[in-house]
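For reference, the structure is listed below as structure tokens.
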Amino acid sequence: MNIFNMSEIVDLGIEKEKKRRDFYGLVAERFSDKNMKELFTKLRDWEDAHIKKFTEIRGSIKNIRETENYEGELNSYMQALLDDKLYKDVSPAKFSANVKTPLDAISYGIGFEKDAIIFFNEIVNYAVDARKDVIKKLIEEEKQHIVYLAALRENVV
């Protein structure tokens, strides 16, 4: 059995949260519609709060070491869970090419939120008991983001 440091996986989650935050910030700037601007600004701010909470969680598990069947097993699994193409496509250079309408932005947002829920559901299994409730709250917040985005999608279509 190989040993891995769980903080490396949490670092991956923090980076994905930053990408989501930056995406929502770009969307908020991109569109002039007041409702779109407000929603994506709110989502950006929520993701920023998640980064802070997740950084605290990282501090609580930095010394936790887990076993894996082969070197890189969990990291490979977590990478496979997260849709890296989704994140690569939202780089500032590709943003304008991929997001032309509010519906495009909403679709990306829903994908991001689903990605976050999958990641948090996996990470909660490795967190210390004191942090599990925080992670579960983050999952509920991500679900709420999907509800907001889905409602907005209904109004845009």
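We did not get these values from a lab; they are worked out from the coordinates using the rules stated. Computed from a predicted structure; not experimentally measured. Don't worry about glycine lacking a Cβ; one is built from the backbone with ideal geometry, like all the others, and counts go over all protein chains shown.
What list of ³J(HN,Hα) couplings, whole Hz, do you get for the stretch 37-43 from phi and the Karplus terms 6.51, -1.76, 1.60, once you set θ to phi - 60° and write x for glycine and proline?
The phi angles translate into 4, 5, 4, 6, 5, 4, 4 Hz.
Using a simple spin-label model with points 7 Å from Cα along the Cα→Cβ vector, what separation in nm is obtained for Glu8 and Lys137?
Distance between the two pseudo-spin positions: 3.0 nm.
Residue by residue through the stretch 20-27, what is 3J(HN,Hα) from phi via Karplus (6.51 cos²θ - 1.76 cosθ + 1.60, θ = phi - 60°)? Round to whole Hz and write x for glycine and proline.
4, 4, 5, 4, 4, x, 5, 5
Past 20 Å, Cα to Cα, is the threshold; run Lys16/Lys37; Lys18/Lys100; Lys34/Lys100; Lys52/Lys94; Lys53/Lys136 against it and keep the listed order.
Correct reply: Lys16/Lys37; Lys18/Lys100; Lys52/Lys94.
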